[in-house]
Amino acid sequence: MDIDAVVHEKRPRPTLAILTYDDGERIFRGNRENYIDLIRTGQELGVNVYVTTTSDFKISGKNTLGYVYDFNAKRWKKTEVPVPNVVYNRIPFRKFELLPEVQQTLQACLKHGQIRLFNPSFFNKWTLFEWLNKSDVTRKLVPATQKLTTSEDLAELLQKHRALYLKPVRGKAGKGIMKVAKSTSKLRPNDFQLSIQDKTRSIISYYPTISSLWTQIRNLAGNQDYIMQQAIPLATFKNRPFDLRVLVQKNAKGHWSVAGVGARLAGKLSITTHVPRGGSIDNPKKLLSSTFGLQDTKKIIRRTKRTAITIAKQIEKASGQTLGEMSMDLGVDTKGNLWFFEANSKPMKFDEPPIRKRSLENLINYSAFLAGMKKRKRTRARKRIRTRMRTRSPLAAPKRKKASVRLLKPTEGG
Ligand SMILES: Nc1ncnc2c1ncn2[C@@H]1O[C@H](COP(=O)(O)OP(=O)(O)O)[C@@H](O)[C@H]1O
Ligand SMILES: [Mg+2]
């Protein structure tokens, strides 16, 4: 045998599959620009990347079906591809991810002896709150939050805080968000005021009693689960509130790192900062320094990065999932304190070019890192997600096991 050839034999390139969904309308769903950028970055960094759909993806053999991109012809081509080392879940909507056949594919990846799946499901705002509430450090970062269940609870929380945000636990992009407060109108000093987020502006209405307010909220919420949350007085720029969007990702060593911090400035008439709702992308340093000055702004940005990593670690630990990235919405209040609003396990593309570039490289490097790692035996946490995925929605909170009560401090156990 030629020893030299054995010694110099190249290790096979790691293979990454981007998993998405075929809804019958298009060959596959999701942001294609994003997929193409990942394929290109993979080529540069030595990772084979293809896109596959939950219906095509069969992992019992050596090969499966996937889409590769032909950069010259600018076309996708469906072809036979090797079963990957790593799967990146980019199924774009919760309704798709919840389908039994989609769950089956995700299960199969989790059970497979060699494949590493990261970001196995969407987050849910209530579950995130519970996860962060488990640690003394992260608990302080979350505004007071409760499930929205009765008008009495709403009235009680409204006694404690001057305003509350009501948010669907499975919402995104500002959809379904409401804000309640005691009236700020001199004409209706005793009323409650409800702001609902319309397309790019909010619409305010007034209610003389908590029960009339409650009726309206229930009408608007329909059968969706909601949380109610203390409203944080956000720092503003030219009278418009803003918040920070942080992209946190694992790097080539599998360690959490901050790919970038962006800022979103609320539209003039909006209760949220989303760009499709009249908000705009801006520079965090510029926005923060108008209130806090340059010195403190630098400190706040450093603190934001440290905090985002602490939060990511806690989410990962409490969820028991393998996570490679998440984006986070963090608020800075008028005093410079940081607050956690939500994290997203399917982050939208960051348009800021340096963040964009780093984010693609991190994803590819992390995939190469995962590909080189042996899959660990099923841990208790893994078993837990699997049971959760099988029996309930993958988004629901893990049920506390009796045994874990022992691990709680007496003050937490209550
Ligand atoms: N508790 C709060 N206090 C102040 N502003 C909030 C609060 N919760 C949400 N917001 C504002 O609303 C936006 C959307 O809330 P978020 O929880 O991120 O929901 P979505 O999933 O719709 O993006 C935030 O980016 C922030 O600007
Ligand atoms: Mg958000």
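The values are calculated or read from the model by the stated rules, or taken from the named source; none is laboratory data. Quick caveat, the model's predicted, so the values are computed rather than measured. Here the Cβ is made from the backbone with ideal geometry for all residues, glycine too, and neighbour counts use every protein chain on show. All accessible areas refer to the heavy atoms of the entire protein, side chains included, with ligands and DNA or RNA removed. Shrake-Rupley method; radii C 1.70, N 1.55, O 1.52, S 1.80 Å.
Of the conditions (1) modelled with pLDDT under 95; (2) within 16 Å of ligand 2 (Cβ to nearest atom); (3) hydrophobic (A, V, I, L, M, F, W, C), residue 269 clears all except one; give me its number.
It fails just one condition, (2).
With respect to residue 194, determine if the residue is touching a helix residue (DSSP H, G or I) at 6+ places or on another chain (Cβ under 7 Å) and either of a type in the set (A, V, I, L, M) or more than 13 Å from ligand 1 (Cβ to nearest atom) (or both). Walk me through how you get there before you give the answer.
Values: touching a helix residue (DSSP H, G or I) at 6+ places or on another chain (Cβ under 7 Å): yes; either of a type in the set (A, V, I, L, M) or more than 13 Å from ligand 1 (Cβ to nearest atom) (or both): yes.
Spelling it out, residue 194 is indeed touching a helix residue (DSSP H, G or I) at 6+ places or on another chain (Cβ under 7 Å) and either of a type in the set (A, V, I, L, M) or more than 13 Å from ligand 1 (Cβ to nearest atom) (or both).
Report yes if some residue within the stretch 18-32 is in a helix (DSSP H, G or I) and within 26 Å of the chain's Cα centre (by Cα); otherwise report no.
yes
Residue under question is residue 340, and the condition is that it be among the aromatic types (Phe, Trp, Tyr), within 16 Å of ligand 1 (Cβ to nearest atom) and in a loop (DSSP other than H, G, I, E, B); does it hold? Please lay out each step first, then the result.
On the way: among the aromatic types (Phe, Trp, Tyr): yes; within 16 Å of ligand 1 (Cβ to nearest atom): yes; in a loop (DSSP other than H, G, I, E, B): no.
In short, no.
Sort out which residues of the stretch 72-97 are in a loop (DSSP other than H, G, I, E, B), under 29 Å from residue 166 (Cβ atoms) and open to solvent by 40 Å² or more (accessible area, probe 1.4 Å), and write them in order of number.
93
Do we find that residue 157 is more than 16 Å from ligand 2 (Cβ to nearest atom), assigned to a helix (DSSP H, G or I) and either β-branched (Val, Ile, Thr) or touching a residue at least 12 places away in the same chain (Cβ under 8 Å) (or both) in this structure?
Numbers: more than 16 Å from ligand 2 (Cβ to nearest atom): yes; assigned to a helix (DSSP H, G or I): yes; either β-branched (Val, Ile, Thr) or touching a residue at least 12 places away in the same chain (Cβ under 8 Å) (or both): yes.
Against the criterion (more than 16 Å from ligand 2 (Cβ to nearest atom), assigned to a helix (DSSP H, G or I) and either β-branched (Val, Ile, Thr) or touching a residue at least 12 places away in the same chain (Cβ under 8 Å) (or both)), residue 157 qualifies.
Checking residue 170 against (1) touching a residue at least 60 places away in the same chain (Cβ under 8 Å); (2) more than 15 Å from ligand 1 (Cβ to nearest atom); (3) in a loop (DSSP other than H, G, I, E, B), which test does it fail?
So the condition that residue 170 fails would be (2).
Yes/no per residue for (1) over 28 Å from the mean Cα position of the chain (by Cα); (2) farther than 17 Å from residue 328 by Cβ:
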{"position": "181", "(1), (2)": "no, yes"}
{"position": "187", "(1), (2)": "yes, yes"}
{"position": "195", "(1), (2)": "no, yes"}
{"position": "211", "(1), (2)": "yes, yes"}
{"position": "221", "(1), (2)": "no, yes"}
{"position": "256", "(1), (2)": "no, no"}
{"position": "262", "(1), (2)": "no, no"}
{"position": "275", "(1), (2)": "no, no"}
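Rundown of residues vs (1) within 29 Å of residue 140 (Cβ to Cβ); (2) of a type in the set (A, V, I, L, M); (3) assigned by TED's automatic domain parsing to the domain that holds residue 307, yes/no style:
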| position | (1), (2), (3) |
| --- | --- |
| 173 | yes, yes, no |
| 186 | no, no, no |
| 218 | no, no, no |
| 255 | yes, no, yes |
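So, residue 330, is that one touching a helix residue (DSSP H, G or I) at 6+ places or on another chain (Cβ under 7 Å) and either within 16 Å of ligand 2 (Cβ to nearest atom) or assigned by TED's automatic domain parsing to the domain that holds residue 111 (or both) or not? Show your work before the answer.
Values: touching a helix residue (DSSP H, G or I) at 6+ places or on another chain (Cβ under 7 Å): yes; either within 16 Å of ligand 2 (Cβ to nearest atom) or assigned by TED's automatic domain parsing to the domain that holds residue 111 (or both): yes.
Spelling it out, residue 330 is indeed touching a helix residue (DSSP H, G or I) at 6+ places or on another chain (Cβ under 7 Å) and either within 16 Å of ligand 2 (Cβ to nearest atom) or assigned by TED's automatic domain parsing to the domain that holds residue 111 (or both).
Yes or no, residue by residue, for (1) of a type outside the set (A, V, I, L, M, F, W, C); (2) at pLDDT below 95:
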{"residue": "61", "(1), (2)": "yes, yes"}
{"residue": "64", "(1), (2)": "yes, no"}
{"residue": "71", "(1), (2)": "no, no"}
{"residue": "80", "(1), (2)": "yes, no"}
{"residue": "90", "(1), (2)": "yes, no"}
{"residue": "103", "(1), (2)": "yes, no"}
{"residue": "119", "(1), (2)": "yes, no"}
{"residue": "126", "(1), (2)": "no, no"}
{"residue": "135", "(1), (2)": "yes, no"}
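Scan the stretch 38-71 for residues that are crowded, with 16+ Cβ neighbours inside 10 Å and within 18 Å of residue 324 (Cβ to Cβ) and jot them down.
Those that are crowded, with 16+ Cβ neighbours inside 10 Å and within 18 Å of residue 324 (Cβ to Cβ): 38, 39, 41, 42, 45, 47, 48, 49, 50, 51, 52.
Quick check on the stretch 37-85: of everything there that is touching a residue at least 40 places away in the same chain (Cβ under 8 Å) and aromatic (Phe, Trp, Tyr), which residue is farthest from residue 115 (Cα to Cα)?
Looking at residues that are touching a residue at least 40 places away in the same chain (Cβ under 8 Å) and aromatic (Phe, Trp, Tyr), I get 76.
Where in the stretch 208-317 are there strands (runs of 3 or more DSSP E), lying fully within it, with 2 or more residues that are surrounded by fewer than 18 Cβ atoms within 10 Å (Cβ to Cβ) and within 16 Å of ligand 1 (Cβ to nearest atom)? Explain how you work it out, then say what you get.
On the way: elements: 226-230, 240-250, 256-265, 280-282.
In the stretch 208-317, 280-282 are the strands (runs of 3 or more DSSP E) which contain 2 or more residues that are surrounded by fewer than 18 Cβ atoms within 10 Å (Cβ to Cβ) and within 16 Å of ligand 1 (Cβ to nearest atom).
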